[in-house]
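Everything below concerns the one structure shown next.
What follows draws every value from the coordinates through simple rules; no lab data is involved. What you see is a predicted model; the values in this text were computed from it and never measured. Using ideal geometry, Cβ is built from the backbone for each residue, glycine included, and neighbour counts are taken over all protein chains shown.
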Amino acid sequence: MLKPESTDLRFPPVELASPEGLLAVGGDLRAERLLEAYRHGIFPWYNPGQPILWWSPDPRALLFPPKLRVSRSLRKTLRRKKFEVTLDTAFRDVIENCARPRAKNPAGGTWLAPEMIEAYDVMHARGYAHSVESWNAGELVGGLYGVALGQAFFGESMFSRQADASKVAFVHLVRQLAGWGFTLIDCQMSTQHLFSLGAEEIRRRDFMEHLEQALDQPDRRGRWYFDPDLTVL
């Protein structure tokens with residue numbers, strides 16, 4: 001059990017995680033603890049009303065930017081330029097949309113408790129957390145957010161109010177990260193949606209080796225902007 005507000009931010013070795021990936025319980029969501037977690041391949045994931053649960057699953061889902069897969073239908077959407085895509089212009093709106101029930105399950109809850117939203121808002125203010133937004137006619141219709149350290153981006157959640165809106169945002173992000181030299185995008189938990197975009201599963205120990213190399217590079221802190229000459233197709 002991690003103690004809230006403890007000055008000791010260390011986590012147990014990831015090899016001690018349960019078969020499901022649960023590593024530790026408790027603690028808090030201070031930026032310092034979150035950063036320590038991400039640097040060691042650990043992330044928080046729990047339901048409102050539960051204590052904070054910290055995970056390091058094996059295998060791990062991640063995407064190497066050069067392996068991004070863009071389907072034929074998604075290419076058509078990108079060519080149409082239906083959505084305007086921006087970086088770090090509406091972080092709070094993105095994370096709050098990610099916290100809302102999905103269209104397929106309107107009665108369902110969310111794992112993004114209010115304290116999680118506040119914690120990542122602080123991370124954004126400190127230049128570690130970033131958002132990508134898809135807009136249609138001035139309306140925010142999709143996006144995602146995550147944390148960046150070194151040459152690693154840790155994807156947290158995405159939402160879509162129109163078909164392909166979040167996928168378009170994701171493609172723009174991956175292309176930009178590749179241009180900046182990022183070497184991996186941590187997808188955390190495996191889903192068919194992520195696999196369709198090129199994500200894959202690797203052993204945790206291999207993930208940790210990739211992560212160690214990525215973290216050996218300087219952090220890209222502060223507000224992000226797309227390169228003017230960014231090419232997504």
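Remark: C-alpha extents of the range 1-108 on the principal axes read 51, 31, 28 Å, sorted largest to smallest. Looking at the chain, the pairs of alpha carbons with a distance over 28 Å make up 27% of the total.
Using equal-weight Cα scatterers in the Debye expression, the normalised intensity of the range 170-218 in log10 at q = 0.24, 0.25 Å⁻¹ is -1.04, -1.09. The number of Lys pairs in the range 61-214 with C-alpha atoms less than 20 Å apart, excluding pairs fewer than 8 positions apart on the same chain, is 6. Here each label is just a point 7 Å from Cα along the line to Cβ, and for residue 196 and residue 111 those points are 2.0 nm apart. Between the amide H of residue 154 and those of 147, 148, 149, 186, distances stay under 5 Å, these residues lying 5 or more places away or on another chain, with hydrogens modeled in the peptide plane. Can you run the Rg to Rh ratio on the range 14-57? Use alpha carbon positions and the Kirkwood inverse-distance Rh. Radius of gyration relative to Kirkwood radius: 0.94. Helical runs (DSSP H, four residues minimum) scored at -39500 (n - 2.57) apiece and divided by the length of the chain put the mean residue ellipticity at 222 nm at -9000 deg cm²/dmol.
Using alpha carbons only, how many angstrom separate the centre of the range 1-71 from the centre of the range 135-163? When both Cα centres are located, 20 Å separates them. Placing +1 on each Lys and Arg Cβ and -1 on each Asp and Glu Cβ, with no other charges, gives the chain a dipole about its Cα centre of roughly 1080 debye. Split the chain at each of the GluC sites (Glu not before Pro) in a DSSP loop with at most 14 other beta carbon atoms within 10 Å, and the longest piece is 21-233.
Take every pair of alpha-carbon atoms less than 8 Å apart whose residues are at least six positions apart; their mean separation over the length of the range 139-211 yields a relative contact order of 29 percent.
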